[in-house]
1. Could you tell me which of the residues 79, 88, 41 is surrounded by fewer than 16 Cβ atoms within 10 Å (Cβ to Cβ), under 17 Å from the mean Cα position of the chain (by Cα) and either assigned to a strand (DSSP E or B) or without any contact (Cβ under 8 Å) to a residue 40 or more places away in the chain (or both)?
2. From the set of residues in the range 52-63 that are more than 23 Å from residue 264 (Cα to Cα) and surrounded by 22 or more Cβ atoms within 10 Å (Cβ to Cβ), which is farthest from the ligand (Cβ to nearest atom)?
3. With the condition kept exactly as written, say whether any residue in the range 146-168 is over 18 Å from the mean Cα position of the chain (by Cα), away from the ligand (no atom under 16 Å from the Cβ) and crowded, with 20+ Cβ neighbours inside 10 Å.
4. Name the single residue, out of those in the range 169-196 being more than 13 Å from the ligand (Cβ to nearest atom) and not in a loop (DSSP other than H, G, I, E, B), that is surrounded by the fewest Cβ atoms within 10 Å (Cβ to Cβ).
5. Is at least one residue of the range 71-80 within 14 Å of the ligand (Cβ to nearest atom), within 30 Å of residue 38 (Cβ to Cβ) and in contact with a helix residue (DSSP H, G or I) (Cβ under 7 Å, 6 or more places away or on another chain)?
6. I need every pair where a residue in the range 133-146 that is more than 16 Å from residue 159 (Cβ to Cβ) has its Cβ under 6 Å from the Cβ of a residue that is crowded, with 20+ Cβ neighbours inside 10 Å and modelled with pLDDT under 95, sequence separation at least 6 or different chains.
7. Take the residues of the range 101-132 that are in contact (Cβ under 8 Å) with a residue 60 or more places away in the chain and outside any loop (DSSP other than H, G, I, E, B): which is nearest to residue 70 (Cα to Cα)?
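The values are calculated or read from the model by the stated rules, or taken from the named source; none is laboratory data. Quantities reported herein were computed from a predicted structural model and do not represent experimental measurements. Positions of Cβ are generated from backbone atoms using ideal geometry, with glycine treated the same way; all protein chains shown enter the neighbour counts.
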Ligand SMILES: [Zn+2]
């Protein structure tokens, strides 16, 4: 066989070896434009937006704790039940931590506008089902409000919110009663997601005790409640954390996300009802005899 023909065949062989038919990445930013089209098809237009924040997490966890742990679990869930995962997103509600170093707190209108334009752009690219997976307590009121505002004007896509998930029963018994932020549960999860960023030796250097400085009935809400109770931006005791506890909680969270992806993929009613609603909303006087 001629040398140039052999060389050509070797090149084809090596090319096949070096670039096998790779499986589609779940990371939006890792897909080529052409592969993105296949990914939309494979995911049935289902895309995940893991939503974190940048804020202090006690003295021992990194500022990006909520972003790091929500992305860790969402990426694993998407591997299990295919969906496209949007890149790092941390533009949420965190005014209550503005007194601490490293907090990034965008204005209210920008939070809503950026989120709207992000989901609009996701949908324009084929993500007709957007699941926002929350990783941060301060977003728990923002996100349902955002979802509700989707009825303001017609959309050709549906926004679903998956809020924070309570720790499952079972597993190693919990040692602490107060555990809302950077405490036993969250530190345990970080021992799974990013153990290299957990400084256990600093976990007891600040107090995570409830300072209970407001004397108001539970029926009243005020924005300063968090600062009144946990001014160190620490609630609980991270030194009680274990990797075993973290694994139980992360596995459960992953299962909840997988179930949500499957339910959303199967859901045909939400968009249909939205369309019906938007059509009726154009002429409310005609919708009843
Ligand atoms: Zn957190």
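1. Details: 79 fails: either assigned to a strand (DSSP E or B) or without any contact (Cβ under 8 Å) to a residue 40 or more places away in the chain (or both); 41 fails: under 17 Å from the mean Cα position of the chain (by Cα).
It is 88.
2. The first filter runs over the range 52-63 and keeps only residues more than 23 Å from residue 264 (Cα to Cα), leaving 53-63.
Of the ones still in play, those that are also surrounded by 22 or more Cβ atoms within 10 Å (Cβ to Cβ) are 53, 55-58, 60-61.
Values: 53: 7, 55: 7, 56: 10, 57: 5, 58: 9, 60: 12, 61: 8 Å.
The selected residue is 60.
3. Filtering the range 146-168 for residues over 18 Å from the mean Cα position of the chain (by Cα) gives 148-157, 168.
Now drop any that are not away from the ligand (no atom under 16 Å from the Cβ), which leaves 148-157, 168.
Next cut, crowded, with 20+ Cβ neighbours inside 10 Å only: 157.
Checked the range 146-168: at least one residue is over 18 Å from the mean Cα position of the chain (by Cα), away from the ligand (no atom under 16 Å from the Cβ) and crowded, with 20+ Cβ neighbours inside 10 Å.
4. Taking the range 169-196 as the starting set, the residues that turn out to be more than 13 Å from the ligand (Cβ to nearest atom) are 169-178, 191-192, 195-196.
This time we only want the ones that are not in a loop (DSSP other than H, G, I, E, B), so: 191-192, 195-196.
Details: 191: 21, 192: 20, 195: 11, 196: 6.
That would be 196.
5. yes
6. none
7. Start the filter on the range 101-132 by keeping residues that are in contact (Cβ under 8 Å) with a residue 60 or more places away in the chain, which leaves 118-119, 122, 125-132.
Checking which are outside any loop (DSSP other than H, G, I, E, B) leaves us with 118-119, 122, 129-132.
Values: 118: 18, 119: 18, 122: 19, 129: 19, 130: 16, 131: 13, 132: 11 Å.
Among them, the one singled out is 132.
The rows are residues; the columns are (1) surrounded by 11 or more Cβ atoms within 10 Å (Cβ to Cβ); (2) under 15 Å from residue 162 (Cα atoms).
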| position | (1), (2) |
| --- | --- |
| 245 | yes, no |
| 256 | yes, yes |
| 263 | yes, yes |
| 270 | yes, no |
| 275 | yes, no |
| 283 | no, no |
| 286 | no, no |
